[in-house]
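Visitor: I have a structure here, written as structure tokens, and I will follow up with some questions on it.
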Amino acid sequence: MYFAKAGNQQETFSACIHAVLLKDSQSTMIPSPLADYMEFIPDWDAYVSHLRLSLPVYFRINTLKASREVVFSTLDSEGIRPEATAVKDLFKLGATGQARATVSYHLGYIYPQALSSALPVIALAPRPGEMVLDLCAAPGGKATHMAQVMGDSGIIIANDRKLGRLTALLSNVKRLGITNTVVTHYRGEHFPVTRSFDRVLVDAPCSGDGKFRLGKDDEILHLKKGRTFLPAIQKALIQRAFDLLRPGGTMVYSTCTLNPQENEEVVSHLLKKRDGRLLSWVPPIDWEPGLTTFKGRGYHESCVLCRRFYPHKIDSVGFFVAKIFRPI
Amino acid sequence: MISSRVIYLVRKGRVAESAGLKVIRCGLPFVRRAGIYLKPTTVMVQRFGDLADKNVVDLEPFDIRRLLHGGEIVIDLETDSGYVIVRSGRNTWGVALYLLPGRLLPRFPKGMRQAFE
């Protein structure tokens with residue numbers, strides 16, 4: 001069974017080695033670890049069917065550069081009729097939409113992003129004038145969203161460890177005309193604890209299986225290579241993020257994977273090591289509570305306050321969001 | 001904040017709290033030295049250009065397209081030679097260089113020009 005065409009064979013061969021193939025009622029091949037998620041993903045058949053579809057393109061309106069009226073009139077002049085979503089300032093462009101080819105993109109009016117990518121910022125809810133840290137900020141979707149929510153006031157430290165990815169971050173901060181952001185270059189888990197922040201966002205590097213799609217010929221269109229040490233990195237990141245919070249401050253840990261080992265297990269690790277409290281929040285789109293068990297492993301009981309977002313329920317990338325409070 | 005050729009616009013107030021960090025960039029590029037002129041950056045005029053009431057030129061969409069394709073426009077403006085803000089309708093596109101007598105030369109970023117070629 002070959003998953004991909006020439007040019008991508010080595011990566012996909014590696015994926016095949018790790019694959020556990022599961023044949024469902026539609027003869028669809030689901031690789032590991034996604035097959036294990038049957039244990040908790042609601043309406044599994046709908047999930048598998050949805051994996052065959054292309055994800056729609058969404059974009060966020062940048063209200064710092066223009067009013068909604070100006071943005072819509074510019075989009076309209078290009079023949080673009082976006083659909084509203086349940087998320088404020090987020091619109092659906094349609095399955096074939098090319099947001100980057102529009103005048104609105106080059107004028108900095110829009111930022112293409114997944115619907116679910118807006119959720120960590122909604123959960124964090126930064127306020128104007130606050131001091132906020134985005135520990136893994138590149139390419140800048142969430143940092144620029146926070147700048148917008150904060151009215152371009154206060155200060156955002158947008159950090160990333162990879163110089164290559166910083167280029168995209170710098171470009172997006174500039175394109176959207178943001179003045180309150182300072183871009184820094186540290187390994188997130190080593191970010192100096194010399195100051196404390198009102199809010200911290202950790203959108204952690206992850207295996208990215210929330211983006212996973214099956215092609216029309218059962219090709220794997222998106223499957224990251226195995227990153228053995230991801231949970232270790234994620235645990236170090238969440239701990240450092242918590243240490244950078246001021247007492248009374250709030251942080252959000254998010255990933256675009258559905259893997260409990262990169263989600264609830266990481267959050268449980270923090271709650272074991274630090275005196276953090278998970279907070280409940282109500283997302284604007286369909287969600288499921290976090291897990292307290294997976295494959296016989298138990299997680300912290302408050303993990304039900306985490307929020308899980310499944311692709312077939314929201315028609316976007318699968319996501320995980322945990323909101324954590326540091327008591328005074 | 002001033003680097004060798006670029007002046008950055010930063011938020012007053014809490015920016016000092018980033019002191020001591022390994023900073024790659026702070027704020028928005030505002031103007032840069034370009035020959036004998038100070039050239040406002042495209043991103044700055046796109047953000048704040050609607051507040052300008054001097055050194056602004058309003059163009060028709062076909063003139064914008066011409067500038068994006070690298071062409072120049074013959075136009076008589078009531079200003080000295082130097083950079084002007086280019087608007088069309090309610091959109092601020094960027095800057096162009098006005099040279100007496102009556103030449104308007106495009107100064108849009110390369111990425112923007114390539115996107116509309």
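Visitor: Dividing the alpha-carbon Rg of the protein assembly as shown by 2.2 N^0.38 Å yields what?
Guide: Ratio of Cα Rg to 2.2 N^0.38 Å: 1.06.
Visitor: Taking DSSP loops as anything outside H, G, I, E and B, show the longest stretch in chain B free of trypsin sites (Lys or Arg not before Pro) there with at most 15 other beta carbons within 10 Å.
Guide: The longest such stretch corresponds to B:55-89.
Visitor: Tell me, what is the FRET efficiency for B:D76 and A:R68 to the nearest 0.05, using R0 = 56 angstrom and their Cβ-Cβ distance as r?
Guide: 0.95
Visitor: Name the residue, out of A:D160, A:D43, A:D243, whose mean-square fluctuation peaks in a Gaussian network model built on chain A with Cα pairs under 10 Å.
Guide: In the Gaussian network model the winner is A:D43.
Visitor: Just need the relative contact order of chain B here, percent rounded to a whole number, with Cα pairs under 8 Å and 6+ apart.
Guide: 21 percent
Visitor: If you don't mind, another one. Put a dot 7 Å past each Cα toward the Cβ at A:D286 and A:S171; how far apart are the dots in nm?
Guide: 3.5 nm
Visitor: What full-extension length gain, to one decimal in nm, is calculated for A:Q261 and A:F325 as 0.36 nm per residue of separation minus the Cα-Cα distance?
Guide: The span from A:Q261 to A:F325 would gain 20.9 nm if fully extended.
Visitor: Can you say what percent of the DSSP beta bridges in the protein assembly as shown, counting only those with both residues inside, are antiparallel? Round to 5.
Guide: Looking only at bridges with both residues in the protein assembly as shown, the antiparallel portion is about 75 percent.
Visitor: Which residues make up the longest stretch of chain A clear of chymotrypsin sites (Phe, Trp or Tyr not before Pro) that lie in a DSSP loop with no more than 13 other Cβ atoms within 10 Å, not counting the sites?
Guide: That would be A:3-228.
Visitor: Run lengths n ≥ 4 of DSSP H only: what is the helix-derived mean residue ellipticity at 222 nm for chain B, with -39500 (n - 2.57) per run over all residues, to the nearest 500?
Guide: Estimated from H runs of four or more residues: -4500 deg cm²/dmol.
Visitor: Let me ask something additional. Going by a ≥ b ≥ c, the root eigenvalues of the Cα gyration tensor, does the range A:57-112 fall in the rounded group (a/c under 1.5), the prolate group (a/b larger than b/c) or the oblate group?
Guide: Rounded, since a/c falls under 1.5.
Visitor: Give the relative contact order (percent, whole number) for chain A; include only Cα pairs under 8 Å separated by 6+ residues.
Guide: 17 percent
Visitor: Right, another one. For chain A, what does -39500 (n - 2.57) per DSSP helix run (n ≥ 4), summed and divided by total residues, give at 222 nm, in deg cm²/dmol to the nearest 500?
Guide: Helices in chain A give a 222 nm mean residue ellipticity of -7500 deg cm²/dmol.
Visitor: Related question: Determine the shape class of chain B: with a ≥ b ≥ c the square roots of the Cα gyration tensor eigenvalues, call it rounded for a/c under 1.5, and otherwise prolate if a/b is greater than b/c, oblate otherwise.
Guide: Prolate is the answer for chain B, as a/c is 1.5 or above and a/b outweighs b/c.
Visitor: At A:R195 and A:R52, where each label point lies 7 Å from the Cα along Cα→Cβ, what is the point-to-point distance in nanometres?
Guide: Label-label distance for A:R195 and A:R52, simple model: 5.3 nm.
Since every read-out is calculated from the coordinates, none of them should be taken as a lab result. It should be emphasised that the depicted structure is a prediction, and the values quoted were computed from it without experimental measurement. In this analysis, Cβ positions are derived from the backbone assuming ideal geometry, glycine residues included, and neighbour counts consider all displayed protein chains.
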